[in-house]
Every structure is written in structure tokens, then in C-alpha cells.
């Protein structure tokens, strides 16, 4: 590659970055160099000094070495570094939808892992909003991305399987076992949701250790209220449990939490002799399950 080709490459990359950033030549120059000089650089008719390259790199948010890429392979590596950096920032900020959108398409191991994590987080968020169909779609995308990476395959695969099982459970199928829940990581769902799932599974199995799980959850969280209420029911204190469940029932909660509240309210009402209310809770729970099924 001769000198003229290098100059042309530098100018082309500056022009591409400038237009992608939505900057005019005057805006990029900003008094540092003249617009005429920038025009000559972008057309390959002049070579910028080191100071000018450093200035452009800062303004255009790239490494100075990016301008000296000698072939497309080198440029692709710089583009990937920039893309991964942006994706990490989006992921760290909790903007999983933006992160996933950026990484869909061709990707390497690291990008595929970040895409799988983002799609998994979106699945959890969808379940929290009772959008079961959307959760299943994100789980499938997360699995597809996970096939393209060698990182964290076993733990993420197990957690995605658990999330899929929860989607089935809110549609009327069996809840996964406490052993299954306890054996998975909580990279995607977080510690609080994981503890709640474990508590629900233990209550399903009539395990007396279930109530103790609530102590590990944040005070006044709906997860803790639900598990504490279930523990009170097991102790025969249905009147106290009813007060807790009534307060939780008034809010808007995720799919599994909503089903659990209806179920325990039905038990409380039946044990307290209010069979009309128990029937209403049973009907409400069945209606909720049917609404989830229709999303699939």
C-alpha cells in the first residue's frame, strides 16, 4: 500500500465517522483546523498531522490507530471493539433491548454471550410484566445466541430452561422442583426472584423450610409478602395471611407472583369459610392462566 492509498484511507475513515456522527465539516473542525484543510484530508489530498489525528480521534470517539487501518480486516476489529464497548455500556445501564438490537446478526463469542444475556434479561422483564409470549420469544433468542458462544453455556442454558419451565407453570403446568431451582444460577433473574421461585417450589412440595426463604428477601417486597403469607397459612393463621395477600393482590405483579397470590387467597377464603370469595379467586386464577396460554 503506497502513501497516496494510506492518505485516502485516512480521509475516507474520517469522513465516514463524521457523517455517521451527524457532524458537518465546520462542526468537526471547531476552529482547530480550517474546513478547507479538512476537505483536503477527507479527499486524500492532504495528510493530517499527529496532533490533528489525535484531535479527530477524541472528537469522533475512536482510537487514533483506527485511522491507520491498512485493510478491511483491521477495520473490522476496530469496529468490533467499538461495538462491544457500546454494548457493554448499554447492558450495564440496563438497556437490554438496545444492547440486543445492536448485537443481532453476525457476532463472535463475546458478542453472542452478551446477546444471550440481554435476551435473557428481557425474558425476565417480560415475565415481570405478565407478557408470557414475549418472554418465550426472548428465551428462544437467548438460546439461539448461546449456541454461538463457548462462554457460560451450562449455567445460562440451565437458567433459560428454568425460565421456560416457569412460563409453562403459569400456563397451568407443574412448577419445577426445588432441586431444579436450587441448582440453577440467577445471573438473569437476580437473587430475589430466584429465592421466590425456590420458596414457591418448596411450598408446592410441602417442605417446611419454605417459609425460611422469605427472610432472605427484601422487606415489604411482594415476593416476601407472598412467602410469609404462605407460611402463615401452613401454620393455620389464615386470617393474618389474608391481610397480607389482600395488600399484595391490589398491586400489579409478574405472572408467577399473580398466580401464587390467587392460589393462596383461594386457600385462605376456603379455610375461613368464605366459599363465595374462594370461588371468585379460583375463577380469577383460571382466567389468568387462560390469558397466559393465549399468548403462546
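Each value in this text was obtained by applying a stated rule to the coordinates, not by laboratory testing. This is a predicted model, so every value here is computed, not measured. Cβ atoms come from the backbone with ideal geometry, glycine included; neighbour counts cover every protein chain shown.
Only counting other Cβ atoms within 10 Å, I'd like 114, 37 sorted with the fewest neighbours first. If you can, show how the numbers build up before the last one.
On the way: 114 25, 37 16.
By the 10 Å Cβ count, ascending, the order reads 37, 114.
Listing 56, 275 from fewest to most neighbouring C-beta atoms within 10 Å gives 275, 56. With no solvent and one equal point scatterer per Cα, compute the Debye intensity ratio I(q)/I(0) for the chain at 0.09, 0.10, 0.17 Å⁻¹ and report its log10, rounded to two decimals. Ignoring solvent entirely, the Cα scatterers give -0.60, -0.67, -1.27.
Each Cα pair under 8 Å and six or more residues apart adds its separation to the average, and for the stretch 74-151 the resulting relative contact order is 28 percent. Per residue, the average separation of C-alpha pairs within less than 8 Å and at least 6 apart gives the chain a relative contact order of 12 percent.
For the stretch 3-70, the square roots of the Cα gyration tensor eigenvalues, ordered a ≥ b ≥ c, give a/c below 1.5, which places it in the rounded category.
Taking the chain as a Gaussian network of alpha-carbon nodes connected by springs under 10 Å, the highest mean-square fluctuation of the residues 89, 147, 36 belongs to 36.
Modelled label positions at residue 271 and residue 2, each set 7 Å beyond Cα in the direction of Cβ, lie 8.9 nm from each other.
Taking Cα atoms only, the orientation of helix 190-204 departs from the longest principal axis of the chain by about 20 degrees. Distance between the modelled labels on residue 26 and residue 293, one decimal in nanometres: 6.6 nm (7 Å Cα→Cβ projection).
Roughly what angle does helix 3-20 make with the longest principal axis of the chain, taking Cα atoms, 0 to 90 degrees, to the nearest 10? Helix 3-20 sits roughly 40 degrees off the main axis of the chain.
Between the Cα long axis of helix 132-146 and the first principal axis of the chain there is an angle of about 50°, rounded to the nearest 10. In terms of its C-alpha gyration tensor, the stretch 159-296 comes out oblate, because a/c is 1.5 or above while a/b does not outweigh b/c.
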